[in-house]
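A short worksheet on the structure shown next.
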Amino acid sequence: AIKVNPLLTNASYGDIIEVTIKENNKVIAVSKASANEEVEIYIENQKLWSPESPFLYYLTVKLLSGDTTTDTVDSYFAMRKISKKRDENGVVRMQLNNKDYFQFGPLDQGWWPDGLYTAPTDEALKYDIVKTKELGFNMIRKHVKVEPARWYTHCDELGILVWQDMPNGDAAPICQNRKYFDGTALKRSAKSEQIYRKEWKEIIDYLYSYPSIVVWVPFNEAWGQFKTVEITEWTQQYDPSRLINSASGGNHFQTGDILDLHNYPGPDMYLYDAQRVTVLGEYGGIGLPLEGHLWKTDNNWGYVKFKNSRETTEEYIKYAKKLKGFVKTGFSAAVYTQTTDVEGEVNGFMTYDRKVDKMDFKKVREINQEVINELTN
């Protein structure tokens, strides 16, 4: 079912909300309700949304006052389900539309040399997603950044799953990655806590309706991490329709849906959670500095660095083959660092200016598809 919750200002008594739903320009449902009431419409013979088939339904919402249409909003939605389930081997897997589904994508920081957090054009905003699909990925981890609304619409239309990070501030006095947390966690000030809770709720409210978003990530690598269990449980209760990755890459607590490991440069499974989904939330970082496309002309950084595209591609494939071996034994998703170079970081698939593809995209796509399909083979 699709639920439409109208938020109205200055509506009059007796006003009516009318919702019309279209499938391929054909009207398949019309429903009316009193203004300010939630409208719920059952969709028969649903066309399910996935990265392989990103089908969108379109809807029009009208506010009717007598015989007059006083306002109209056009929008869209998708029918898709994200969940988890234990497979026949006892491994808890992510599922998309009730089928085991390995999620694989790049860490995407969304930086631009001429605007930092602001893409120069809408075409540029879309470009990184198109290239991610070209690489054979089915997911993007949007890393400690919230994008403009258009970026998520491009994800919905093009077909890519999204893990959405909370952009975290404050300190990280201790980060334990290779075991469950047993220390004294960071205590934020009351003001800092208040800001976090307010902004995290606002982010979820802002992005709630985008079907491409399937995972919320409240904390990354202990950055500003506090009251992990409480924040995770609040997030689960506030939006039970998505999975919660409570602490990506550090200070692990047995809460939420996901245990998320970070390991550089190659993949490794040094922890495993039999009760939750286990993922490799960051790995890779293979560097290739290309003269003429560097933000910094010296002191550029990657977890490992190579001299040409062939060597870099070969190293990527070596890591991917190792990752493929971990899929059957327990990993249900993986995130490679990263989509593009970012200032002094030269470990992107593309240069910071997006003018050069630094690896052989065809070969990367082939091995990426092998990794994704390993779960269902």
Item to check | Where only C-alpha atoms are counted, convex hull volume of region 131-290 per residue in Å³ | outcome: 139 Å³
Item to check | Global size of the chain as Cα Rg and Dmax, reported in angstrom | outcome: 21.9, 71
Next on the checklist: Which aspartates and glutamates, if any, have their Cα less than 15 Å from the Cα of Lys187, not counting same-chain residues under 8 positions apart?
Outcome noted: Asp170, Glu230
Next on the checklist: Taking the solvent-accessible surface of protein heavy atoms with a 1.4 Å probe, what is the per residue accessible area of the chain in Å²?
Outcome noted: 46 Å²
Next on the checklist: Defining a contact as two alpha carbons under 8 Å apart and six or more residues distant in sequence, what relative contact order in percent does region 61-164 show?
Outcome noted: 19 percent
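Filter the chymotrypsin sites (Phe, Trp or Tyr not before Pro) in region 278-313 down to the DSSP loop ones having no more than 16 other Cβ atoms within 10 Å, then list what survives.
Sites meeting the loop and neighbour criteria: Trp295, Tyr303.
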Checklist entry - Relative contact order for the chain using alpha-carbon pairs under 8 Å, separation at least 6, rounded to a whole percent? => result 14 percent
Next on the checklist: What do you get for the angle between helix 149-158 and the principal long axis of the chain? Use alpha-carbon atoms, 0 to 90 degrees, nearest ten.
Outcome noted: 80 degrees
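Which FRET efficiency, nearest 0.05, do Phe55 and Asn98 yield, Cβ-Cβ r, R0 22 Å?
On the way: r = 16 Å, r/R0 = 0.75.
Rounded to the nearest 0.05, the efficiency is 0.85.
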Checklist entry - Sorting Thr60, Thr235 by accessible area (1.4 Å probe), largest first, what list results? => result Thr60, Thr235
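Of the cross-linked pairs Lys22/Lys362; Lys133/Lys191; Lys131/Lys322, which ones have a Cα-Cα span greater than 29 Å in the structure shown? Kindly include the intermediate steps, with their values, before the conclusion.
Values: Lys22/Lys362 37 Å; Lys133/Lys191 41 Å; Lys131/Lys322 24 Å.
Exceeds cut-off: Lys22/Lys362; Lys133/Lys191.
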Next on the checklist: About the Cα centre, and with charges only on the beta carbon of Lys, Arg (+1) and Asp, Glu (-1), how big is the dipole of the chain? Nearest 20 debye, please.
Outcome noted: 900 debye
Item to check | Gyration tensor (alpha-carbon) shape descriptor, region 52-119, a/c threshold 1.5 | outcome: oblate
Checklist entry - How high is the relative contact order of region 321-371, given as a whole-number percent (alpha carbon pairs under 8 Å, six or more residues apart)? => result 28 percent
Checklist entry - Relative to the longest principal Cα axis of the chain, at what angle does helix 309-329 sit, 0 to 90 degrees, rounded to 10? => result 70 degrees
Item to check | Distant-in-sequence amide H partners of Met350 (H built 1.01 Å from N, under 5 Å) | outcome: Thr340, Asp341, Lys358
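So how do Phe104, Phe326 rank on accessible area, 1.4 Å probe, biggest first, that is with the largest at the start?
Working: Phe104 0, Phe326 40 Å².
If we order Phe104, Phe326 from most to least accessible, we get Phe326, Phe104.
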Checklist entry - Counting other Cβ atoms within 10 Å of each Cβ, which GluC sites (Glu not before Pro) in region 18-55 have at most 15 and sit in a DSSP loop? => result Glu37, Glu38, Glu44, Glu52
Checklist entry - Stokes-Einstein at 10 °C, 1.306 mPa s, Kirkwood radius from Cα pairs: D for region 301-377 in µm² s⁻¹? => result 120 µm²/s
Checklist entry - What's the angle, to the nearest 10 degrees (0 to 90), between helix 361-373's Cα axis and the longest principal axis of the chain? => result 70 degrees
Checklist entry - Taking Lys32 as the anchor, which aspartates and glutamates have their alpha carbon closer than 20 Å to its alpha carbon, excluding any fewer than eight residues away along the same chain? => result Asp15, Glu18, Glu23, Glu40, Glu44, Asp67, Asp71, Asp74
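The values are calculated or read from the model by the stated rules, or taken from the named source; none is laboratory data. Here the structure is a predicted model, which is why all the values come from computation and not from measurement. Cβ: placed from backbone, ideal geometry, glycine included. Neighbour counts: every protein chain shown. Each accessible area value is taken on the protein alone, full model and side chains, heavy atoms only, with ligands, DNA and RNA left out. Shrake-Rupley method; radii C 1.70, N 1.55, O 1.52, S 1.80 Å.
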